[in-house]
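Here's the structure we're looking at; comments come further down.
The values are calculated or read from the model by the stated rules, or taken from the named source; none is laboratory data. Just so it is clear, the structure is predicted and the values come from calculations on it, not from any experiment. Every residue, glycine as well, gets a Cβ built from its backbone with ideal geometry; the counts of neighbours run over all protein chains shown. Ligands, DNA and RNA are stripped out before the accessible areas are found, and what is left, the full protein with its side chains, is counted by its heavy atoms. Shrake-Rupley method; radii C 1.70, N 1.55, O 1.52, S 1.80 Å.
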Amino acid sequence: MKVVALAGGVGGGRLAHGLALAGADLTVIVNTGDDFTHLGLRICPDIDSVTYTLAGIANREQGWGVAGETTAAMERIRRLGGEDWFLLGDRDLALHILRTDRLRQGEPLSAVTADIAAKLGITARILPMTDDPVATMVQTPAGELSFQNWFVRRRAEGAVTGFRFDGIEAARPAFGLTEALAAAEAIVICPSNPYVSIDPILSVPGLREAMPKVPVIAVSPIIGGEAVKGPAARLLRELGTEASPVGIADHYGSLLSGMVIDEADAGLAARLRIPVRATKSLMQTDEDRLALARECLDLAGSLAWTS
Ligand code: GDP
Ligand code: CA
């Protein structure tokens, strides 16, 4: 089945990996709102998390970076008085150096991303949401913060009143994105943060319009009232309705045709008013990822004839 997955980093990468294991003909559209320039390097945290996860080289415990990574360069940067709040492993740095160099020579991010993925043996297509610069800004009572400043440096703490995607009005879907969407037989919204991972993707002008009339399945990133990782539950409580699959469904609204939620939340299915599957949704092992992906594909298949 031709599947397009919308993804942030960790939750996105894990389900994308499951979909690849399930044999889907997969294109992953990845958030670039977290991208930033640091120490002169262009860093794309979500693209890299998805890339490392699909390549089977991600650090699973940490949730970011490469497994078995060394930190010699970072230690030297620190010793020399450089900024050290955003940790970069040696192998990870190599990728940022290469990408930055190629972007400077004028290649689009989509081409660089595709090439790196191919070199790492990935068969799925990884597409940035856009080749144009977009920067997620975090709105707080004290003013706006750049995304990584809030997420990493301030550990996503403090009150948030909303998000703004700087540059989004001028952003165009990345090369090949509308074609990939048009060919999709199902669209899967990964269990990524709805506010800072999925909303930027859905805000790229023309992207929603390019979605074909096929089942759109979301997997809840919230299990039993909490996020598996990160601030999604708190943001839902502060900005949305509730930290549950119901809050996620409200957030995406009429875009969704079905939802996969955790078995711990099975009691909420009746409130969702769309077809729901309740299953184990914590993706610890490859088997977990595959089983969850199969549930998504199965639900999409069962809805295909109605859409
Ligand atoms: P980030 O960009 O690296 O922060 O990652 P994402 O936005 O893609 O994913 C973050 C979200 O993934 C969090 O809200 C987590 O609750 C969710 N998440 C991570 N791992 C899992 C998992 O195994 N199962 C489910 N259902 N959600 C997960
Ligand atoms: Ca992210």
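Things to note:
- Linear extension gain, Glu238 paired with Lys2, 0.36 nm per residue minus alpha-carbon span: 81.3 nm
- Bridgeable lysines around Lys229 (alpha carbons under 17 Å apart, same-chain partners fewer than 8 residues away excluded): Lys280.
- Added length on full extension, which subtracts the Cα-Cα distance from 0.36 nm per residue, Thr140 to Arg104: 9.7 nm
- With all protein chains kept in place, the per residue accessible area of region 178-265 amounts to 34 square angstrom at a probe of 1.4 angstrom.
- Here is the list for region 128-220: GluC sites (Glu not before Pro) lying in DSSP coil, each with at most 15 other C-beta atoms within 10 angstrom of its C-beta, are Glu157, Glu209.
- With θ taken as phi - 60° and the Karplus curve 6.51 cos²θ - 1.76 cosθ + 1.60 applied, the whole-hertz 3J(HN,Hα) list for region 34-40 is 7, 5, 7, 9, 9, 6, x Hz, x standing for glycine and proline.
- Shape category assigned to region 61-212 from the gyration tensor of Cα positions, a/c cut at 1.5: oblate
- Nonpolar atom fraction for the chain, defined as the carbon and sulfur part of the 1.4 Å probe accessible area, stands at 52 percent.
- Once the C-beta distance of Ala72 and Ala270 is scaled by a Förster radius of 45 Å, the resulting FRET efficiency is 0.25 to the nearest 0.05.
- Other residues with beta-carbon under 12 Å from the beta-carbon of Pro173 carry, at +1 per Lys or Arg and -1 per Asp or Glu, a net charge of -2.
- Antiparallel beta bridges, as assigned by DSSP with both residues in region 134-291, represent about 50 percent of the total such bridges.
- Over the chain - Rg/Rh using Cα atoms and the Kirkwood inverse-distance radius: 0.95
- Between region 266-289 and region 9-83, the Cα center-to-center distance that results, in Å: 26
- Karplus (6.51, -1.76, 1.60) ³J(HN,Hα), θ = phi - 60°, over region 13-23, in Hz, Gly and Pro reported as x: x, 4, 6, 4, 4, x, 5, 5, 4, 6, x
- Of the listed residues Trp150, Trp64, Trp85, the order by accessible area with a 1.4 Å probe, largest first, is Trp64, Trp85, Trp150.
- Only aspartates and glutamates eight or more places from Lys2 in sequence, or on another chain, were considered; those with a Cα closer than 14 Å are Asp25, Glu179, Glu185, Asp298.
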